[in-house]
Amino acid sequence: MKKVFIFLVLFVNFSFAKEVYFIKKTDKNQRNEILSRGLKAIAETKEGFLILKEKEEISKEEIYLGKFEKNLYFLTPRYEDTNLKICGNILYKEENTYLIEMDTNSPCLSNPNFRIHKISFEELKPFKTFEKIKIGKDPFVEDMLQNFDENLAIEEFINLVSYAESRYSSNIGCFSSVERAYNLFQELGLDPEYQYYSSKYAPNVVAKLEGIREPDKIFILIAHIDDMPKTPPAPGANDNGSGSAMVINLAKILSNYRFAYTIKFLLVTGEEQGLIGSTYYAYNSHQNGEDILGVLNADMIGWEGDGKPTSEDLDLSYDDNSEALAQIFEEVYQLYDGLIPPLLIYCPTNYYSDHYSFWVKGYPAIMGITDNEGICNKKGSYPYYHTHRDTVENCGNLDFFIKTQRTYMAILAHLSKPLCKISKERSHNFNFFDLTNFCPIKIEK
Ligand SMILES: [Zn+2]
């Protein structure tokens, strides 16, 4: 009887109450050092790290945030601060991002005025360093920009958004939209694959343009294709038909070239349910030792923005490990015409889109969005976020979207190192394409 009692007490302790601490950063890029000390870091902020412990034991440098028994969330209001006490128990605040313990029935969980991320208790992985490259004008990138067809880009946006009544992850329309993308990638000869991670949700789809020098080195262009709200219609034009349409459109253009490194075009689902598809993808990549050099995420790049106070720029969130990757946006923007100016935002507290799944695993990644939706105190919020009215029309003037696509294309091409162009007259069957134009038949390794 006594033994059973002890066991129960241990079990209760183990499964519920946990202690959470905070360690302040003394330096940027401190993750690897923190992890090397054997601390269980489960999240990183601008200021420091969240550390999880099973029992109370505090060291000098640690700040005790409290004990919790339910789920922990990060929450950032999209507009100015509202009363968050009704949400749950606030343990920590940094800028306008809150660490809150909430019940699964908290009224704040389904409130579209909040960006919310449920914290998984998986440990952060060490940073993989981004190798900075030299950027100079590239004739292939100039060629791509010259041949960028605005009308085709808009056509893909409209087609993707109108293809299904809803792309909510479990809706049949999400399954069919993923299948449509798969078929398009296949036509381009990009060897698409589905990635199933749940029986309820549509799978991820990933396509591959294999590098001809170092195919094991990979850059990823990612967007989530699923959308909101749960009840149809859910056109999800800005969020995130825009990013998904760009992934498909850039696959069409870039597949006319060959690069030193492999480019993966990744459309994920389950983003709106908590980054499920991208978490699964990043987890597997990390397990398999995939050599991901960098990840470009695009989420809500269709809306023209309000252009205040000056003309609209692309908000670009980066973490401690991704500053060099973000800076390439600035460098490339200076080189060519018709690109969108980036606004670089140091924002490790941007937990709210798929780049975060890669940050957890230590990969360099950035996220582009018209306006940062309140995250890291950056104002500007899309008025039709997660509503039935998130339509192509409500994105406004698509000039911003076009320039953003051109910018991502130029960045992705520079990073992956273009080597040659395939003749436009190539056959539909990639086994027989005409290599005589620019691509030599054998590329010296
Ligand atoms: Zn989104």
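Only the coordinates and a few stated rules stand behind these numbers; no lab work does. Being a predicted model, the structure only gives us computed values, none of them experimental. Cβ coordinates were reconstructed from backbone atoms using ideal geometry, including for glycine residues, and neighbour counts include every protein chain displayed.
Results, tabulated for the structure shown:
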read-out	value
Checking Trp303 against (1) over 18 Å from Thr45 (Cβ atoms); (2) surrounded by 24 or more Cβ atoms within 10 Å (Cβ to Cβ); (3) away from the ligand (no atom under 16 Å from the Cβ), the condition it does not meet	(3)
Matching strands (runs of 3 or more DSSP E) fully within segment 254-336 where at least 3 residues are in contact with a strand residue (DSSP E or B) (Cβ under 8 Å, 6 or more places away or on another chain) and in contact (Cβ under 8 Å) with a residue 60 or more places away in the chain	257-259, 261-268, 291-298
Top-ranked residue of segment 277-300 - restricted to ones that are within 13 Å of the ligand (Cβ to nearest atom) and within 12 Å of His355 (Cα to Cα), ranked as surrounded by the fewest Cβ atoms within 10 Å (Cβ to Cβ)	Asp299
Considering residues of segment 196-232 that are among the β-branched types (Val, Ile, Thr) and within 16 Å of the ligand (Cβ to nearest atom) only, the residue nearest to the chain's Cα centre (by Cα)	Ile222
Boolean, Phe329 is within 16 Å of the ligand (Cβ to nearest atom) and surrounded by 24 or more Cβ atoms within 10 Å (Cβ to Cβ)	no
Some residue of segment 264-276 being under 18 Å from Tyr182 (Cα atoms) and more than 16 Å from the ligand (Cβ to nearest atom)	yes
Wholly enclosed strands (runs of 3 or more DSSP E) of segment 58-124 bearing at least 1 residues touching a residue at least 40 places away in the same chain (Cβ under 8 Å), touching an Asp or Glu at 6+ places or on another chain (Cβ under 9 Å) and not aliphatic (A, V, I, L, M)	62-68, 71-77, 89-94, 114-118
